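Just so it is clear, none of the values below were taken in a lab; they were calculated from the coordinates. Keep in mind that what you see is a predicted model, and the values were worked out from it rather than measured. In this analysis, Cβ positions are derived from the backbone assuming ideal geometry, glycine residues included, and neighbour counts consider all displayed protein chains.
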Amino acid sequence: MVKKIYFQSIFFSFFFIKEAFAAESGGMPQLNPEFWISQIFWLILTFGIMYLVLSKLILPKISNNLESRKSQILENIEAAEKQREDSDAKLKEYDEIISKSKLEANSIFNQAREKALKDIGAKREVLDEQIDNEIAEAEKEIDILRKNAPDKINKIAIETSSELLQKLIGAEVNNSSISAIVDDLSKRNGDKYYGN
Amino acid sequence: MAANPMSQFDVYRIGPEIKVGAFDISFTNASLFMILSTLSILLIFNLGSKKNSILPNKIQLLAELSYTFVSKMISDTAGSKAKPYFAFIFSLFMFVLFCNMFGMIPYTFTVTSHIIVTFVLAAFIFIGVTVIGFIKHGFGYLKLFVPSGVPAVLLPLIVVIEIISYLSRPISLSVRLFANMMAGHTMMKVFGGFVISLGIVGGWLPLSFSVALTGLEILVAFLQAYVFAILTCIYLNDALNLHH
């Protein structure tokens, strides 16, 4: 019920207001030519001044601002690109230097090793030669000693046996006969004594 | 008086009557709002172009966005040949936009709700575009009325229709803006009157309508300024690049 009255009142008031407007209005003020000339005059004046100021003073400035910003941004991008290229080149250079120095270090190391090996080899040869010489000499000496040893032993044996005989039998014995016996003995038992 | 939704369109004299010869050029409320609109446009764009910082502040951003918006609109519809007319179309768009927007403030006067104002603008555009067309193409501009690919039998009819449509351009352009502004403001006033007459009980419905209408009208105010400017661009395009 309340709703019905509400909408009815809206509906009727619409009619009422419309009637009131119709009674009051004397048509559209827009069609009243009283101020047309004034409106045209002021429109041309204001719009003209605005157009002149905008086109001569303000719009060129805005366009200038936009252009300069654009060019500055482009410049900055260019500069950034250039710097990046520079840093790339430097990085490459640095890498090259590192690889080069690595190679150099390697070669230096290899050279040093070779040299050291060569030195060691040379020294070893010298030492080997010396040792060989010494061994040969020592062997020679030993050989000489060994060669001379039976004679000396024989001599000692002859003298010892002649002295022994002299003490035992108290008579001079002919040395030559003793030496013959010793020679004979040493020849027979030489193997046993000298291990040859 | 205040309940009459048309009374908001009344033009009245402010100050003394000024007469030049037989013409009355008195300062009126319409003149006041024209001056207010142009002054605010000049103020905003002057502030927006004063400093040239790489990172624009708000007002500079506003000015530059408007500039690029209008410049893009012109280059999209009329091509690069329309560049010399950029300042005029920019002024036109801003003037109509600011007059429409000023009209949205309560107790103000909408300059563009008067047929004489919009008609003078439209007639100026019409005459200017026609003159540009004849300067650029000579009598070849008349080819605009003869579309290509039309059978010879239909040609007399088509040419007449084209001429009528061409001549009605200033009327359609001016009436579109004026009627939109007037209808919107009248409707808002009518709904405002309902709020008063229905009082506290029934006034809420027209009030909510009024709120919605205000949003719509702000959209219309922008849209009509845009339409006015873009139609100018299209007419200019016809005059600069004869496609027919």
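Stretched out straight at 0.36 nm per residue, the stretch from A:Glu163 to A:Lys118 would grow longer than its current Cα-Cα span by 9.7 nm.
On C-alpha positions alone, give me the angle between the axis of helix B:29-50 and the longest principal axis of chain B, in degrees, nearest 10. Computed tilt is about 70 degrees.
Taking 7 Å steps out from each Cα toward its Cβ at A:Leu31 and B:Lys51 produces label points 5.4 nm apart.
Distance check, please: which entries in A:Lys61/B:Lys143; A:Lys90/A:Lys115; A:Lys140/A:Lys187 exceed 28 angstrom between their Cα atoms? Listed pairs above 28 Å: A:Lys61/B:Lys143; A:Lys90/A:Lys115. Pairs exceeding a 31 Å alpha-carbon distance, out of A:Lys123/A:Lys152; A:Lys70/B:Lys83; A:Lys82/B:Lys58; A:Lys56/B:Lys58; B:Lys50/B:Lys72: A:Lys123/A:Lys152; A:Lys82/B:Lys58. Between helix B:115-137 and chain B there is an angle of about 20 degrees, using the helix long axis and the longest principal axis of the Cα atoms. One chain, two ends: A:Asn133 and A:Arg188. Fully extended at 0.36 nm per residue, the span grows by 16.2 nm beyond their Cα-Cα distance.
For chain B, the relative contact order comes to 25 percent (Cα pairs under 8 Å, sequence separation of at least 6). Counting only aspartates and glutamates at least 8 places from A:Lys92 when in the same chain, those with an alpha carbon closer than 17 Å to its own are A:Glu81.
With R₀ fixed at 30 Å, the C-beta to C-beta distance from B:Val131 to A:Leu45 puts the FRET efficiency at about 0.85. The loop-placed trypsin sites (Lys or Arg not before Pro) in the range B:51-91, going by DSSP, that have at most 16 neighbouring Cβ atoms within 10 Å of their Cβ come out as B:Lys51. For the pair the range A:58-101 and the range B:151-172, the centres of their Cα atoms are 58 angstrom apart.
Note on the range B:27-100 and the range A:150-172: Cα centroid distance 150 Å, given to the nearest whole angstrom.
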